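One structure is given below, encoded as structure tokens.
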Amino acid sequence: MSLASLTFLNLGWWWFILLVALILAPLAWVAWKPLGPMSSQSWLPLCFRVLGILFILLFLLEPHWTSERAAKGANIVAIIADNSQGLQLREIGSEKTRGEELAEHLTGIDSGWLAELSDTFQIRPYQFDRDLRRIPDFTHLNFQGDRSNLGLSLANLIDRFQGLPLAGIVVLTDGNATDLEEDLAELPDLPPVYPVVVGNPGQMPDVSIDRIELHQTAFDDAPVTLTADVVSRGGFRRPVEVRVRSLNTESLLEQSEDTRHLPEPVRVSPRTSGKPQSINFRWRPLQTGIQFYEVVAELVEETNFTEVLTSPDEATDLNNKRLFMIDQGQEEYRVLYVSGRPNWEFKFLNRALAEDHQLSLVGLIRVARREPKFEFKGRSGESSNPLYRGFGREDETEHYDQPVLVRINTRDQDELIAGFPTTAEVLFEYDAVILDDVEAEFFTFNQLTLLRRFASERGGGLLMLGGADSLENGDYAETPLASALPVYLNRKPATPPGTDLQWQLTREGWVEPWVRVRPLESEEKQRLNAMPPFKVLNPLTSIKPGAQVLAEVVDRSGNSYPGLVAQPFGSGRVACLAVGDLWRWGLKGPEEQVDLARFWRQLARWLVTDNLQQVELQTTRSGETMQLKVLARDKSYQPVDLAQARVTIRRVAKLYSETEDESGFEEVTVYAEPVSDMPGHFAIEFMSRDAGAYLASVEVTDTEGAVLGTAEAGWVLDSAAEEFRSLEPNRVLLENLAIKTGGQVLGYSQLGQLTELLSRNPAPVTEIFSSPLWHKSWWFLAILTCFLFEWAIRRLRGLP
């Protein structure tokens, strides 16, 4: 829109106007001559008379004010009304809900501003909740939407009006958008937006779970920690009970049969309005895989009678619960333990891991070293080791030049029958490997390379324990495995460690839950002080960059040496436990045996946590679309070139629904599409519109139909928690939206000014209009004021 300009229709008469002005100006001076010489007080009324004469002469030129304005009926104004459940709230002292008040200003007696606006602009009505929808009129509003996707709706509106004369957008909402932050960073360029605030400022009586934070650790007693922030607002003073419920993935909204593992409910008394109370729950889930839970804040029925009378009713209970998911990992993690000799360490380790139903320890223990080959036989024709004579193992006994190995806890009789695995397909079946006091010569060069690949490519956990034949004493310095270890093996300390070595945690170790045994710092310090001293240590002095010393041992002289060192390596993790007689800890007493068992379980859990799986299923949320990505590998953990990924998606729990499906849950099966230029990768998108818990499983098969592996993933959609996160109108967001687009925040009482406000802004389609200034009443009043002022002064001076 161009700037306004002043034009004169009779500009050709300027010479006549100038001549008249030259005549009338001296006559005005002559009219004041009877008073004598002109004083300073006489010049002011004279100037007003001359100014009035000039105004009259100026209007003889017919001045017109020419400008541009929005062409009537050519520009479009989109009016978007919020249709979400948040407008069903009823404020204190009001007989109508926010939605009913909004409907009155759109379809009732207060909707006259729409008719006035339609005289100048084309009106396009829309409603938005989960998405943007065009409606014939606003009588279709029902305020049942479970989301307020204001950002998505504005973006869709701009796409629809691309190339069309959209002059402005009027948004009637409470501002509690579920897809926008207050900085509006993701908002596209928009025409002027005029937000109309629905609802009054001030808190409504309500109790809600505003935020939940979930942590999963390798801590043995309580690997799951949930923090829930409970907030009471608007004078709500009734106590609530916060509890955690389990949702069984096999049936809809049914609790698991065994709920004894769930934490006890916590009773919460309301505090100052708006201040959150953090409630912590810790428990150990009994089931494996994907598990769904909900944390609920329920009103306590048995309460003080006075408290009930003085506390207002809760505005809504849809924000009183939150749904969340826990991934407890696969059903079984297999740990391979390789030892160069029978020792006490395996006894305590085996006993500890047997108490964890997800950890399976497989032992390969050498009970006798191999001997040099010679021709002498124990008996005629006997070439096997006579150690096994009489045990019925004549077909599988080791020869003299082979070590004598004992297999423990094997899955079947063929597992590890040939000793330590020699191929990646066999070794990569395990999730972690523990090497205990076994020298490098026990392995072949290819087996040592496999161990390194086990951590870097397979993503497994590798732990080397200290001992007489371990670490630097086992001649690992020049082997392929040395590059994976977190320490340098060819650098020995100048002073060998003394006796009575005491275990201590470093600063890094204190912050790792799997390194600590007790939950409280005071209890952990007391336990450390009571630990027995150790006698065997592999002195490690040089730590590799990126490695962390989590625990150290201190001798009597005060010299400290690394005791537990860990580092990430490739896709996996590697650790060294330099103490060779950790079993002494468990020999001190029953309580110490419990602590040692817990330490072994936490260390084993850390080794297998976040390991790569042969088939992985990842979920990424993009708006309301869930992107599912499948990564398939073969037994050597290399991407599979040709395969099929069949994905089954089940809705385990549907929330906030009055009716439930008779089948218990919905299920859909689809095939993921291969990703170009990325072997082994498959992707698919799934649109889930209903709030609830979703479980996805994938089965990957090769070209012959053989199953390569399966995986599970889950997610939750809790739209009501987001919709009712705040019950007070978010005026800050609406003000930022108006400032960013050049609009203005309005109230219901200002809707009548909307046509004028929109007309002031540049419009896509304009027209030229001209208005004569003489028709403006304020010009006439200005001329009249000039002559009246001059006349009043003349009368005071005694002139006619």
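The values are calculated or read from the model by the stated rules, or taken from the named source; none is laboratory data. Note that the structure is predicted; figures quoted are calculated from it, not measured. Positions of Cβ are backbone-derived with ideal geometry, glycine not excepted, and every protein chain shown enters the neighbour counts. Only protein heavy atoms, including side chains, enter the accessible area calculation; ligands, DNA and RNA are left aside. Shrake-Rupley method; radii C 1.70, N 1.55, O 1.52, S 1.80 Å.
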Any residue in the range 520-548 that's acidic (Asp, Glu): show its pairings with residues that are part of a helix (DSSP H, G or I) at Cβ separation under 9 Å, as long as the two are six or more apart or on different chains.
521/510; 524/510
So, in the range 514-544, of the ones that are closer than 22 Å to residue 569 by Cα and surrounded by fewer than 18 Cβ atoms within 10 Å (Cβ to Cβ), which residue ends up modelled with the lowest pLDDT?
541
Within the range 476-491, count every residue that is over 40 Å from the mean Cα position of the chain (by Cα) and exposed (fewer than 14 other Cβ atoms within 10 Å of the Cβ).
3
Return the residue satisfying two criteria in turn: it lies in the range 311-357 and is of a type in the set (Ser, Thr, Tyr) and in contact with a Leu (Cβ under 7 Å, 6 or more places away or on another chain), and of such residues it is farthest from residue 719 (Cα to Cα).
337
Among what's in the range 605-634 and is assigned to a loop (DSSP other than H, G, I, E, B) and among the acidic types (Asp, Glu), pick the residue that is modelled with the lowest pLDDT.
624
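Every residue, every condition in (1) surrounded by fewer than 17 Cβ atoms within 10 Å (Cβ to Cβ); (2) touching a Lys or Arg at 6+ places or on another chain (Cβ under 7 Å), yes or no:
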| residue | (1), (2) |
| --- | --- |
| 135 | yes, no |
| 150 | no, no |
| 154 | no, no |
| 160 | yes, no |
| 170 | no, no |
| 215 | yes, no |
| 237 | no, no |
| 241 | yes, yes |
I want to confirm something. Restricting to the range 419-467 and keeping residues that are of a type in the set (S, T, N, Q) and within 41 Å of the chain's Cα centre (by Cα), which single residue is nearest to residue 613 (Cα to Cα)?
456
What are the pairs, 6+ residues apart or on separate chains, where a residue within the range 335-347 that is within 17 Å of residue 579 (Cα to Cα) and open to solvent by less than 40 Å² (accessible area, probe 1.4 Å) has its Cβ under 6 Å from a residue that is assigned to a strand (DSSP E or B) and hydrophobic (A, V, I, L, M, F, W, C)?
337/361; 337/434; 338/364; 338/435; 339/365
The range 34-86, subset modelled with pLDDT of 75 or more and polar (S, T, N, Q), residue most open to solvent (accessible area, probe 1.4 Å):
85
Within the range 568-579, identify whether any single residue is within 34 Å of the chain's Cα centre (by Cα) and among the β-branched types (Val, Ile, Thr), and answer yes or no.
yes
For the range 735-779, name all the residues that are polar (S, T, N, Q) and part of a helix (DSSP H, G or I).
736, 741, 749, 750, 753, 755, 759, 777
Considering every residue within the range 566-581, establish whether at least one is in contact (Cβ under 8 Å) with a residue 40 or more places away in the chain, open to solvent by 10 Å² or more (accessible area, probe 1.4 Å), under 21 Å from residue 535 (Cβ atoms) and of a type outside the set (Ser, Thr, Tyr).
yes
For the range 740-769, name all the residues that are of a type in the set (Ser, Thr, Tyr) and open to solvent by 70 Å² or more (accessible area, probe 1.4 Å).
749
Return the residues of the range 669-687 that are part of a loop (DSSP other than H, G, I, E, B), in contact with a strand residue (DSSP E or B) (Cβ under 8 Å, 6 or more places away or on another chain), surrounded by fewer than 18 Cβ atoms within 10 Å (Cβ to Cβ) and not aliphatic (A, V, I, L, M); say none if nothing qualifies.
679
Condition first: modelled with pLDDT of 75 or more, surrounded by 13 or more Cβ atoms within 10 Å (Cβ to Cβ) and more than 21 Å from residue 58 (Cα to Cα). Now tell me which residues in the range 780-799 satisfy that.
791
Per the filter on the range 709-733, residues among the acidic types (Asp, Glu) and farther than 14 Å from residue 692 by Cα are 712, 723, 728
